Structures are given as C-alpha cells and as structure tokens.
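Asker: Below is the structure I would like to discuss, written out as structure tokens.
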Amino acid sequence: MKKILLVEDDPHLADGLTINLEGEGYEVVQVDNGKHGLEEYHRGNFDLLLLDIMLPGMDGLTLCKKIRAGGSTVPILFITARDQTEEKVEGLLAGGDDYITKPFNVSELLARIQGIFRRQAWLSSGDTVDDAYEFDGRYINFRTYKASGPSGACDLTRKECMVMRYLVERQDQVVTRDQLLDAVWGYHIYPTNRTIDNFILKLRKVFEDDPANPRYIETVRGAGYRFTLK
C-alpha cells in the first residue's frame with residue numbers, strides 16, 4: 001500500500017480526495033497547512049506528497065524546497081488554483097514531479113499519480129542502464145540521484161536524472177524535446193517545449209568541462225539533443 005501525505009487547506013476538497021485515494025487502495029494522511037505538513041512529513045514514511053501551493057503557515061513551494069534541501073527524493077505533485085506558467089515552472093524546477101490545476105477531475109489526478117509511480121519505477125530499473133553509470137570520469141546514480149563531474153559532486157532532481165537516463169539509453173541517437181517531455185512528464189507539461197532546455201543546461205554544468213561547448217550532451221540544431229561519447 002502506497003502512503004500519501006495530502007496537504008490541502010480546503011476541507012471539502014481534502015475530504016473528497018482522501019475518500020477517492022483510499023478507495024484506490026492508498027493510505028492517506030491529511031493536514032491543512034504547510035507547517036503541519038512539514039512536521040507530518042518528518043514523522044512518516046511517505047511514497048508521495050500532494051501539496052497545495054497556496055497554504056497557510058507555509059506555502060507549498062517553500063515546503064517542497066525544504067523537503068528537497070534535506071535530500072529527500074519523495075515524489076511531489078502540486079495542486080494549484082493558479083493557471084500561471086511561471087508558478088508551475090518554479091515548482092517543477094524546485095523539485096516537483098508534476099502539478100494539477102483546480103478544478104480537476106479525480107480520474108485525472110489518479111492518472112497523474114500512477115504516471116509518477118510508473119516513471120519512478122523506470123528511473124530505478126536496471127533494464128537498459130545500470131543504476132550507477134560512469135563515463136569519462138563522470139558519474140551518475142539513477143537510484144540515489146547522486147552525480148559528479150568536473151565541478152565536483154552534486155545532487156540532481158528526479159526530473160534531471162530522468163532526462164539524463166533517457167539520453168543515455170539512446171546514446172548517439174537524436175532525441176527531440178517532445179520525446180523528452182513525453183517520456184519524463186508523460187505529456188506536454190509546458191506551453192513551449194523549449195523549457196526542457198533548462199534541464200539540459202543544468203546537466204551540462206554537471207558533466208561538461210565547458211558547458212558552452214558541450215562534448216557529451218550535444219544540441220542537434222532544429223532537431224533536439226544527442227548523448228555521445230565520441
């Protein structure tokens with residue numbers, strides 16, 4: 001049974017979501033503000049966090065950043081009443097895995113949750129690439145999200161690891177931005193797929209000697225990206 005922490009200050013929405021999630025076999029812990037959400041997170045062992053962005057005490061973005069700062073890789077799905085691109089992108093770049101905008105259909109939320117768990121399993125699988133992958137003195141662990149390169153060791157987000165794994169699995173193949181978005185997020189989460197460039201820039205800073213002149217993560221003009229060791 002997967003255990004979910006729901007942090008939502010609308011009691012009617014929270015109660016409805018809890019009933020539906022429990023009906024799908026999830027165990028749900030429900031709190032109504034960010035401060036209590038952080039306290040409950042530290043007490044429990046959760047498989048997923050559902051965070052409203054607009055929360056009393058501590059907003060969902062701040063809560064996410066505090067959890068990620070502690071090294072946690074637990075999946076986080078944001079619930080937001082705002083259909084603002086900047087807020088959504090900020091949440092995802094802060095370490096969120098997905099978002100859903102109010103009002104939403106419960107079946108869509110359940111599909112998003114299942115997608116997160118499915119992609120999490122893919123990232124941790126060793127079917128095509130080992131958990132720990134090394135190339136030219138660089139290192140990345142797709143299970144722990146640890147990485148190291150010319151600038152030293154660092155922690156990657158789950159999405160950064162997913163992007164890197166997708167590229168590594170298709171070494172020497174051109175991968176489009178649409179393919180990356182579909183594989184890593186499951187749908188076109190951004191209004192423009194060029195936002196994927198932010199994740200590529202971060203990976204180049206970790207693994208390239210000169211990020212401005214990449215050797216491993218190449219840009220194929222007009223097409224997408226390619227991971228190569230040539």
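The values are calculated or read from the model by the stated rules, or taken from the named source; none is laboratory data. Fair warning: this is a prediction, and the values are worked out from it, not measured in the lab. Positions of Cβ are generated from backbone atoms using ideal geometry, with glycine treated the same way; all protein chains shown enter the neighbour counts.
Asker: I want to confirm something. Restricting to segment 57-68 and keeping residues that are surrounded by fewer than 20 Cβ atoms within 10 Å (Cβ to Cβ) and either in contact with a helix residue (DSSP H, G or I) (Cβ under 7 Å, 6 or more places away or on another chain) or among the hydroxyl-bearing types (Ser, Thr, Tyr) (or both), which single residue is farthest from Glu8 (Cα to Cα)? Even if it seems obvious, please write down each step before you answer.
Answerer: Taking segment 57-68 as the starting set, the residues that turn out to be surrounded by fewer than 20 Cβ atoms within 10 Å (Cβ to Cβ) are 57-59, 62, 65-66, 68.
Those left that are additionally either in contact with a helix residue (DSSP H, G or I) (Cβ under 7 Å, 6 or more places away or on another chain) or among the hydroxyl-bearing types (Ser, Thr, Tyr) (or both): 57-59, 62, 66.
On the way: Gly57: 12, Met58: 12, Asp59: 10, Thr62: 14, Lys66: 17 Å.
This residue is Lys66.
Asker: Which members of segment 86-112 meet the condition of being modelled with pLDDT of 85 or more, under 16 Å from the mean Cα position of the chain (by Cα) and among the β-branched types (Val, Ile, Thr)?
Answerer: Ile100
Asker: Look at Gly115 and say whether it is modelled with pLDDT of 80 or more, part of a loop (DSSP other than H, G, I, E, B), assigned by TED's automatic domain parsing to the domain that holds Asn20 and on the phi < 0 side of the Ramachandran plot. First the steps, then the outcome.
Answerer: Details: modelled with pLDDT of 80 or more: yes; part of a loop (DSSP other than H, G, I, E, B): no; assigned by TED's automatic domain parsing to the domain that holds Asn20: yes; on the phi < 0 side of the Ramachandran plot: yes.
No: the conditions fail for Gly115.
Asker: While we're looking at this one, here's another question. Asp47 - would you say it is within 20 Å of Ile113 (Cβ to Cβ), surrounded by fewer than 22 Cβ atoms within 10 Å (Cβ to Cβ) and touching a strand residue (DSSP E or B) at 6+ places or on another chain (Cβ under 6 Å)?
Answerer: yes
Asker: Also: From the residues in segment 99-146 that are among the aromatic types (Phe, Trp, Tyr) and under 21 Å from Leu6 (Cβ atoms), which one is surrounded by the most Cβ atoms within 10 Å (Cβ to Cβ)? Even if it seems obvious, please write down each step before you answer.
Answerer: Quick first cut of segment 99-146, residues among the aromatic types (Phe, Trp, Tyr) only: 99, 104, 117, 122, 133, 135, 139, 142, 145.
Keeping just the survivors that are under 21 Å from Leu6 (Cβ atoms) gives 99, 104, 117.
Details: Tyr99: 21, Phe104: 13, Phe117: 13.
Among those that are among the aromatic types (Phe, Trp, Tyr) and under 21 Å from Leu6 (Cβ atoms), it is Tyr99.
Asker: Moving to a separate point now. For segment 43-85, give me each residue that is more than 15 Å from the chain's Cα centre (by Cα), assigned to a loop (DSSP other than H, G, I, E, B), at pLDDT below 95 and of a type outside the set (Gly, Ala, Ser).
Answerer: Residues satisfying the conditions are Asn45, Ile53, Met54, Leu55, Pro56, Met58, Asp59, Arg82, Asp83, Gln84.
Asker: Quick test of your reading of the structure: Val29 fulfils all but one of (1) farther than 18 Å from Tyr99 by Cα; (2) exposed (fewer than 15 other Cβ atoms within 10 Å of the Cβ). Name the failing condition by number.
Answerer: Of (1) farther than 18 Å from Tyr99 by Cα; (2) exposed (fewer than 15 other Cβ atoms within 10 Å of the Cβ), only one is false for Val29: (2).
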